[in-house]
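Please read the structure below before turning to the comments.
The values are calculated or read from the model by the stated rules, or taken from the named source; none is laboratory data. These numbers come from a predicted model, not from an experiment. Reconstructed Cβ throughout: ideal geometry from the backbone, glycine too, with neighbour counts over all protein chains shown.
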Amino acid sequence: MKKYLLAAAAMVMVSGAASAQSVNLVKNGGFESTSLTESHQFKDNQVTDWTNAATNGYTGYGYNFLLKPNTADTTGFKSLAGNLDYLYGPGAGAAAANFADNGFTGTSPAGGNFLLADGDTNFHGAVSQVISGLTVGQLYSVTFDWAGASWYTYAGNTTERWDVSLGGTTKSTDTVKLGPKGFSGWQKGSLQFTATGASQTLSFLAQGTPNGLPPSLLLDNVQMAAVPEPATWLTMILGFGVVGAAMRRRKVARPQLV
């Protein structure tokens, strides 16, 4: 019994250490905390913890929008200049011409708010936040939900991808190719980075072709966590094995003397 308790205690400590490493370091990764009451291009501080890069483009900010659920292809979204636009989708809403049975449901896998970003190089700008509490040399995994979509009134073939950066390192998702009025469907992105500082900027920059259509990307459920060291996983596996063996031994009935 004593051995069983010691093994269980060891397993709990190891499991706790692994859980501590897997804490999500991204704040407001689902974009639910916001001062915006409608789907709208955002400035700094309007989406809590996130910065929209200042650019020399059309509105002085990256053409990035906070989208409320079930609005992108129905009631639409507004730019800082007051333009009202839509995505192609089955909702149609106020503009019947934006109807497309392309599978877009107006929501993300998480069901709440999400971001829309213009990948046109004349308009795009990075969405970012500073991540603190990093360990230099530690490997971190950045995961997120993303999709390629089509902007209303611009029907043509496009390509879309996200460029994701941590500090001075940039990695890219796969590139999706869409036909006119298309939607790629939501998919899971996963990229790994090694921290080179205790605090570094995590950013997402929409990239696509061709300019003018424009290529459009969606983003939600951003998470970042340390990748457990192989030794941690091995210790956990051994710990579970020790506890399992101890429990099996306790279940074996002792022969009774007659």
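Here's a check for you: in segment 75-115, which residue that is closer than 19 Å to PRO214 by Cα and among the hydroxyl-bearing types (Ser, Thr, Tyr) is surrounded by the fewest Cβ atoms within 10 Å (Cβ to Cβ)? Going through the qualifying residues, I end up with SER79. Annotation note: Cβ proximity below 6 Å between a residue of segment 9-37 that is surrounded by 12 or more Cβ atoms within 10 Å (Cβ to Cβ) and in a helix (DSSP H, G or I) and a residue that is at pLDDT below 50 and of a type outside the set (Asp, Glu) (sequence gap 6+ or interchain) occurs for ALA10/GLY239; MET11/GLY239; MET11/VAL243; VAL14/THR235; VAL14/MET236; VAL14/GLY239; ALA18/THR232.
Being touching a helix residue (DSSP H, G or I) at 6+ places or on another chain (Cβ under 7 Å), in contact (Cβ under 8 Å) with a residue 24 or more places away in the chain and not polar (S, T, N, Q), is that true of even one residue in segment 120-139?
no
The single condition from (1) closer than 16 Å to VAL127 by Cβ; (2) surrounded by fewer than 17 Cβ atoms within 10 Å (Cβ to Cβ) that ARG161 fails is (2). For THR121, state whether it is out of contact with any Leu (no Cβ under 8 Å at 6 or more places or on another chain) and farther than 20 Å from PHE31 by Cα. Considered against the rule, which asks whether it is out of contact with any Leu (no Cβ under 8 Å at 6 or more places or on another chain) and farther than 20 Å from PHE31 by Cα, THR121 comes out as yes.
Among residues of segment 167-193 that are in the same structural domain as TYR152 (by TED's automatic domain parsing) and outside any loop (DSSP other than H, G, I, E, B), those with a Cβ under 9 angstrom from a residue that is among the basic types (Lys, Arg) and modelled with pLDDT of 95 or more, sequence gap 6+ or separate chain, pair up as SER172/ARG161; VAL176/ARG161; LEU191/LYS171; GLN192/LYS171; PHE193/LYS171. Yes or no: THR173 modelled with pLDDT of 95 or more, out of contact with any Ser or Thr (no Cβ under 7 Å at 6 or more places or on another chain), within 24 Å of GLY106 (Cβ to Cβ) and of a type in the set (Ser, Thr, Tyr)? When the stated conditions are applied, THR173 passes them.
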